[in-house]
Amino acid sequence: MATNGLMASSSVFLHRPRISFASRTNQTAGKCGKGRVSFIGIGTRHLPVVLSMTATADSGEEVVKSVLPGNGISIMVNGCSGKMGKAVIKAADSAGVNIVPISFGSAGEDGQRVEVCGKEITVHGPTEREKVLSSVFEKHPELIVVDYTIPSAVNDNAELYSKVGVPFVMGTTGGDRNKLYETVEEAKIYAVISPQMGKQVVAFLAAMEIMAEQFPGAFSGYSLDVMESHQASKLDASGTAKAVISCFQELGVSYDMDQIQLIRDPKQQVEMVGVPEEHISGHAFHLYHLTSPDETVSFEFQHNVCGRSIYAEGTVDAVLFLAKKIRLKADQRIYNMIDVLREGNMR
């Protein structure tokens with residue numbers, strides 16, 4: 001399976017000329033969301049406790065300590081042959097989290113061995129995945145699966161994790177998101193599901209949602225131009241862009257998601273967008289330009305990310321967060337990165 005890179009620093013500028021990415025190539029960045037891809041509204045379900053891991057302490061504080069890096073957590077990174085998967089493995093290894101030397105990939109990757117951080121990981125194709133995962137989960141009962149695969153695999157993968165009963169962190173975008181949540185709810189397993197793992201970006205998107213909820217219609221009549229640039233391997237439109245746009249829609253802006261200008265050509269990315277050449281294969285540059293009806297006022301929101309470390313680090317925080325919730329036998333089972341941010345225990 002290939003990776004699905006998700007990327008984006010936020011800045012607000014007033015009275016700027018029309019769209020121009022290149023003016024701010026030195027800023028680093030990548031997602032916010034009814035029709036909205038909501039980060040705040042998701043993850044408030046309360047389900048009976050079925051799956052849990054044995055806590056070694058009675059108090060919440062001791063449990064928190066027990067899930068610090070190096071304390072019995074193992075992860076299996078699916079999509080390990082991709083750049084995002086490798087970045088997560090490196091971040092997890094640095095944090096002292098045990099990496100299970102097994103991963104799932106495409107049929108063409110079956111049997112391949114991927115070396116990351118001196119660890120050799122065997123990739124299994126689509127056949128016998130349930131048997132393999134069940135065996136790994138039996139050997140590592142504290143296992144959490146991390147998914148960075150492809151949009152078309154989201155629902156099948158979630159059904160597999162749910163059937164086996166293994167908790168997971170889903171960073172892959174796409175798929176049928178309603179079906180994804182239904183699958184996890186029915187299985188009553190623990191999961192962090194978020195199309196955006198960059199903690200600072202998520203905080204920015206949460207602020208956008210708050211603004212949309214507190215000041216509906218504040219930008220009524222304004223026109224919106226949106227441009228987003230990602231590495232060529234990212235086939236779908238950015239979930240971050242869609243989430244931010246949905247916030248603007250609630251603020252009164254009329255905009256069709258099909259109008260998003262997707263930049264995937266490397267030459268355009270360097271010359272027009274201003275992406276550093278060394279980050280063509282891994283970046284997320286987003287620009288949102290608002291203009292008043294009489295064109296006397298404009299607002300520009302920009303958030304850019306180079307590389308994948310922001311997402312990898314956020315993913316590891318999500319793993320530690322989920323491990324804590326499992327050991328506390330929390331009633332809530334489905335979480336997102338807003339929940340992780342609110343916890344305040346990020347490294």
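The values are calculated or read from the model by the stated rules, or taken from the named source; none is laboratory data. Model, not experiment: these values are computed from the prediction. Neighbour counts run over all protein chains shown; Cβ positions are idealised from the backbone, glycine included. Please note that ligands, DNA and RNA were not included when accessible areas were found on the heavy atoms of the full protein model with its side chains. Shrake-Rupley method; radii C 1.70, N 1.55, O 1.52, S 1.80 Å.
Structure summary
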read-out: Å³ per residue enclosed by the Cα convex hull of the stretch 57-210; value: 138 Å³
read-out: Rule-of-thumb Rg ratio for the stretch 236-347 [Cα; 2.2 N^0.38 Å; N residues]; value: 1.38
read-out: Under 12 Å from Lys179, Cα to Cα: aspartates and glutamates that are on another chain or at least 8 residues apart; value: Asp156, Glu159
read-out: Proximal aspartates and glutamates relative to Lys325, as straight alpha-carbon distance under 15 Å, when same-chain residues fewer than 8 apart are discounted; value: Asp58, Glu61, Glu62, Glu142, Asp317, Asp339, Glu343
read-out: Rounded accessible area of Arg129 (nearest 10 Å², 1.4 Å probe); value: 40 Å²
read-out: 21 Å Cα-Cα reach of Lys90 towards lysines, excluding residues that sit fewer than 8 places from it in its own chain; value: Lys119, Lys199
read-out: Amide H within-cut-off set for Gln231, under 5 Å, with H built and near neighbours excluded; value: His283
read-out: Descending Cα extents along the principal axes, the stretch 175-231, whole Å; value: 44, 32, 23
read-out: Share of pairwise Cα separations in the stretch 75-115, more than 17 Å, in percent; value: 23 percent
read-out: Cα-only radius of gyration and Dmax that characterise the stretch 139-194, units Å; value: 10.3, 32
read-out: Total charge dipole magnitude, the stretch 137-203, about the Cα centre, Cβ charges on Lys, Arg, Asp, Glu only, Debye to nearest 20; value: 200 debye
read-out: Percent of beta bridges antiparallel (DSSP, the stretch 68-166, rounded to nearest 5); value: 30 percent
read-out: Lys179-Lys329 pseudo-label distance in nm [points 7 Å out on the Cα-to-Cβ vector]; value: 3.5 nm
read-out: Other-chain or far-sequence residues with amide H under 5 Å of Val145's (modelled H); value: Met76, Phe168, Val169
read-out: Whole-number D in µm²/s for the stretch 284-327 (Stokes-Einstein; Kirkwood sum over Cα pairs; 20 °C, 1.002 mPa s); value: 157 µm²/s
read-out: Scattering profile of the stretch 152-310 at q = 0.13, 0.18, 0.20 Å⁻¹ [log10 I(q)/I(0), Debye over alpha-carbon scatterers]; value: -0.73, -1.17, -1.28
